[in-house]
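Accompanying notes for the structure given below.
The values are calculated or read from the model by the stated rules, or taken from the named source; none is laboratory data. Note that the structure is a prediction, hence the values are computed from the model and not measured.
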Amino acid sequence: MDLDYALNKEKSHAPSPIYDYYIERMKEYTPKLEKWENSDWIVKMIIRYSISFDMRSFFSTEKDNRELRAKELHNSIKVYFRKVFLFDNLFNSYYDGISDLGNHVKSLFDMAYELKALRLHVSDEFMVLPNQGSKDSKV
């Protein structure tokens, strides 16, 4: 069985009964649909049991896994881990004092804009450098 069939192929659509050769098209459609559904079910099981229990519970509360196709489940996991990676880098990043400060600031802005593109709210106050004259300023 082709395990990545459901990840690489879209679910087949049933032919309309108004077209000629409907019975022949249904004979072609039914095995393709069964192959896709079996592949989708197996891939979802592999994905679900390949991640930790905590992550499984997170994705089951976010949206019912039975409604998600394997490709959608895989993409939601990729997006989630990308968000975690970006947040971790964004909040644990610091200027080392040696490299170019402009590149460091640019990388922070790039990470923040990517988080916004992933539909996560990043406060605009985060995007503004602190005043140089204030007590809290570290720049």
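Things worth noting here:
- Under the condition of being at pLDDT below 80 and of a type in the set (Val, Ile, Thr), the residues counted in the stretch 54-90 number 1.
- Any hit, the stretch 113-134, residues being of a type in the set (D, E, K, R), part of a helix (DSSP H, G or I) and at pLDDT 80 or above: yes
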